[in-house]
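Here the structure is laid out as C-alpha cells; the discussion comes afterwards.
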Amino acid sequence: MAPALLVLCAFIVYPAIYSFLLSFYEWNGFTPEWGDFVGFDNYASLLKDPVFWKAAINSILFVVLRTPLEVGIAFGLALLLNQNIPGRSFLRTMFFVPVVMSLIVVTILFQRILEGNAGFLNTFLRSAGLDSLTRMWLGDPETALPVVIFVSVWKNVGFSLVILLAGLQGLPSEVIEAAKCDGANRRQLTFRVVVPLMKPIIAIATVLSIIGGLKVFDLVYIMTRGGPTYATEVFATMLYRHAFDLNEMGVASALAVVMVLVIMGTSRIQTLLLRER
C-alpha cells in the first residue's frame, strides 16, 4: 500500500494541511516566505465580503436545483433503459456521450447556441415569431445561473444514469417477481419495491451530485467567469479570483477550508437523511 499512500499524502494530505495553515497568514504567492500571521482575519474578511455571501447563495442554488434534476432525470432514464426496448444499447451510449465530451467543446457549443445576437436558440425563437422570449442568456443576471445549471445537468446526467442503471440491474430478481405475483402494478412496483431497494444507490448518486455541485468551477469559469455582476459566482470561482487575480493566497486558502467544511457537512447530512432505516 505504500506507493498509493505516498501519492495520497503528496497530492491530497500535504496540500490540505498546507492550505489550512496558510489560511492564517497573509501571503501574495510570490515571496519565498509566508507573510504575517493574521489569525482568523482572512475568515473575517470573507464573512464581511458581500461577494462571498453571493457565491454561497449561488452555490446552494446550484446544488438545490441541479441535484434533483440530475438524479431525477437519471433515475427516470435508468428505469426506461432497464426495460427491453428497441435500441437500448444505443440509447445508453448516447446518454453517456456528454459525460466523456471535453468540457471546452461543451461550453463552446452552448455559447454558440445561447449567444444573444446570432445564437441558434434566439435565431430559432425569432424565426418562430417568439421575439419576446429572446434573451441575452449568458449576459442577463436573471437567466445566467439557470442556463449554467441546465448545461451542467445535460453534461453530468449520464454519470448518475450509469450508477443508477447498475443499481437497477443488481436488484434481486426474486423480489421483483414476488411483487408481480402478488399483483403489484407498474406504479406500485416502482415506488413500493424498486425505490426502497434503490435507496442506497440513490443516496450515492445524490451525494456525488451535491459534492460536484458545491465544487463546480470549470463550467462556470469558462461560460461566464462568475458574471454578469457576480450572478454566477460560486465558491470555486471566487477562490480562483482571490488566489490568481488578486494574489490573496491566505484568503483563498480560508475559502478552501470553508468549502471543505460545507461539502463535508452537507454530505454528512445527506447521508443521514438517505441512510437505510
Among the listed residues Thr224, Thr206, Thr229, which satisfies the condition of being within 15 Å of the chain's Cα centre (by Cα) and hydroxyl-bearing (Ser, Thr, Tyr)? Thr206
Would it be correct to say that Phe11 is more than 12 Å from Gly250 (Cβ to Cβ), part of a helix (DSSP H, G or I) and among the hydrophobic types (A, V, I, L, M, F, W, C)? yes
Looking only at region 82-127, count how many residues are without any contact (Cβ under 8 Å) to a residue 60 or more places away in the chain and either farther than 30 Å from Leu164 by Cβ or of a type in the set (S, T, N, Q) (or both). 18
If you go through region 150-179, how many residues are of a type in the set (A, V, I, L, M, F, W, C), surrounded by fewer than 14 Cβ atoms within 10 Å (Cβ to Cβ) and within 30 Å of Met101 (Cβ to Cβ)? 1
The one condition in (1) in a helix (DSSP H, G or I); (2) among the hydroxyl-bearing types (Ser, Thr, Tyr); (3) surrounded by fewer than 16 Cβ atoms within 10 Å (Cβ to Cβ) that Ser59 fails to fulfil: (3)
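Conditions tested, residue by residue: (1) surrounded by 14 or more Cβ atoms within 10 Å (Cβ to Cβ); (2) touching a residue at least 24 places away in the same chain (Cβ under 8 Å).
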| position | (1), (2) |
| --- | --- |
| Cys181 | no, no |
| Pro200 | no, yes |
| Leu214 | yes, yes |
| Tyr221 | yes, no |
| Val234 | yes, yes |
| Arg241 | yes, no |
| Val257 | yes, yes |
| Val260 | yes, yes |
| Ser267 | yes, yes |
Helices (runs of 4 or more DSSP H) contained in region 159-277 and holding at least 2 residues over 30 Å from Leu77 (Cα atoms), modelled with pLDDT of 90 or more and hydrophobic (A, V, I, L, M, F, W, C): 235-240, 249-274
From the options Tyr18, Tyr43, residue that is in contact (Cβ under 8 Å) with a residue 24 or more places away in the chain and over 23 Å from the mean Cα position of the chain (by Cα): Tyr43
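Leu69 - would you say it is at pLDDT 90 or above, surrounded by 16 or more Cβ atoms within 10 Å (Cβ to Cβ), part of a helix (DSSP H, G or I) and on the phi < 0 side of the Ramachandran plot? Talk me through it step by step, then tell me what you get.
Values: at pLDDT 90 or above: yes; surrounded by 16 or more Cβ atoms within 10 Å (Cβ to Cβ): yes; part of a helix (DSSP H, G or I): yes; on the phi < 0 side of the Ramachandran plot: yes.
Yes: the conditions hold for Leu69.
The values are calculated or read from the model by the stated rules, or taken from the named source; none is laboratory data. Computed from a predicted model, the values in this text were never measured in an experiment. We place every Cβ from the backbone using ideal geometry, glycine too, and count neighbours over all the protein chains shown.
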